[in-house]
There are 2 protein chains.
Amino acid sequence: METVDTAPAEEVLRLDHQICFSLHAAARAFNGVYRTALKDLGLTYPQYLVMLVLWEHGELPVKRIGERLRLDSGTLSPLLKRLEATGCVERRRSPEDERSVTVRPTPAGAALRERALDVPRRIGAATGMELAEIMELRVRLDRLTEALDGAGTGLAAEECVRD
Amino acid sequence: METVDTAPAEEVLRLDHQICFSLHAAARAFNGVYRTALKDLGLTYPQYLVMLVLWEHGELPVKRIGERLRLDSGTLSPLLKRLEATGCVERRRSPEDERSVTVRPTPAGAALRERALDVPRRIGAATGMELAEIMELRVRLDRLTEALDGAGTGLAAEECVRD
DNA sequence: CGCAATTCAGTTGTGCGCAACTCAATTGCT
DNA sequence: AGCAATTGAGTTGCGCACAACTGAATTGCG
């Protein structure tokens, strides 16, 4: 079948042929829109993602937040420290497992949720896309991420097996 | 018509309903795959993007590179300095306009191109997608970026008018 | 029980991305 | 010509992302 290696060598490396760049640019463009949309909430975009998870689950150990967002402690620890500094979350060492730290929204952090309700609509409007089209794009991207994660973590040769 | 605001308040903020997160995750997944693919070239992913542009155009002022990659001097200046330190590019103040700095690949940087030819194929394989599907995704993402860029630069209220 | 292996959060170091700024060169307006 | 506005690159400061590491708590195996 038709694959990339049918293209001549000069074409292969053209910037505008590469999906990665489109993705990279789109992610940064989203980030910019969120930056302005979240400015008066006092949240950055990754902080907003953490708050989404916490609003949904009420209270979670750092580990679980990281699983949901695919972020490790090296990213989350300082981020959560900043969220604690701005009064959005509380962190408490878990009594039953002293290694684990439980994070939960403060009343102020929970209240922020009301003001965030408008954000998805504004973002949706900024995309200029129909909901159905966005959903389809999302599905494709999730499939892509799954494939890339499988290929990236050393299982390149063998297929990604479900645990 | 069916839009986001038909969904109940609790649903609106669910992480897995938000396109931005899928995009964010996919971009990071790509970054991870590139990280390993580019490791023996000694390039990071953004450095690779810069080299793609330079391989294609031979020599460009910083300004033009920034336009192609949607990056400003705050990002490019240190990145180019690192590329210069690793011997991939040369920087020279333009004689006809002393404000401008022209960047071009060194012989070593140009030679790197040969070794990079294999990268897109490897990345393509990691996506697990057909070329046609990738191309279509790229088109959608570019449209999305264009819409978001228009909305992000302060025209939130009024529709994005073509210049 | 006792100790090695594992798990979890946090730290360190590097690089990207962007806003806000500086500084010099150039352009444009009068 | 003279001077203000603009342009281009660079710097600073901050936050995110990730690799590699530390250190404490827990688990598990003999």
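What follows is calculated from the coordinates using simple rules that are stated; it is not laboratory data. Note that this is a predicted model, so its numbers are computed, not measured. Glycine gets a Cβ as well: all are built from the backbone with ideal geometry, and neighbour counts include every protein chain shown.
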Can you name every residue in the range A:35-79 that is among the small types (Gly, Ala, Ser), on the phi < 0 side of the Ramachandran plot and either more than 9 Å from DNA strand D (Cβ to nearest atom) or buried (at least 16 other Cβ atoms within 10 Å of the Cβ) (or both)?
A:37, A:66
Taking the range B:64-98 and the residues there that are over 26 Å from residue A:19 (Cβ atoms) and more than 11 Å from DNA strand C (Cβ to nearest atom), the one that is farthest from the chain's Cα centre (by Cα) would be B:92
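Considering the range B:93-142 alone, what residues qualify as being aliphatic (A, V, I, L, M), touching an Asp or Glu at 6+ places or on another chain (Cβ under 9 Å) and surrounded by fewer than 15 Cβ atoms within 10 Å (Cβ to Cβ)?
B:132, the sole residue that qualifies.
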So which pairs qualify, if the first residue must be in the range B:32-44 and more than 8 Å from every other protein chain (Cβ to nearest Cβ), the second must be among the β-branched types (Val, Ile, Thr) and assigned to a helix (DSSP H, G or I), the Cβ gap must be under 9 Å, and the two must be at least 6 apart or on different chains?
B:37/B:119; B:37/B:123; B:38/B:119; B:41/B:119; B:43/B:50
When residues of the range A:90-116 are limited to those that are among the basic types (Lys, Arg) and outside any helix (DSSP H, G or I), the one nearest to residue A:54 (Cα to Cα)
A:104
Members of the range B:96-113 found to be within 8 Å of DNA strand D (Cβ to nearest atom) and not aliphatic (A, V, I, L, M), listed by number
B:97, B:99, B:100, B:102
Being within 9 Å of DNA strand D (Cβ to nearest atom), free of Cβ contacts under 8 Å to residues at least 60 places away in the same chain and more than 21 Å from residue B:145 (Cα to Cα) narrows B:28, B:93, B:82 down to just B:93
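Does any residue of the range B:99-120 turn out to be within 14 Å of residue A:20 (Cβ to Cβ), more than 7 Å from chain A (Cβ to nearest Cβ) and of a type in the set (Gly, Ala, Ser)? Talk me through it step by step, then tell me what you get.
From the range B:99-120, those within 14 Å of residue A:20 (Cβ to Cβ) are B:116, B:119-120; that's our starting set.
Subsequent filtering for residues that are more than 7 Å from chain A (Cβ to nearest Cβ) retains B:119.
Among the residues that remain, those that are also of a type in the set (Gly, Ala, Ser) are: none.
Scanning the range B:99-120, I find no residue that is within 14 Å of residue A:20 (Cβ to Cβ), more than 7 Å from chain A (Cβ to nearest Cβ) and of a type in the set (Gly, Ala, Ser), so the answer is no.
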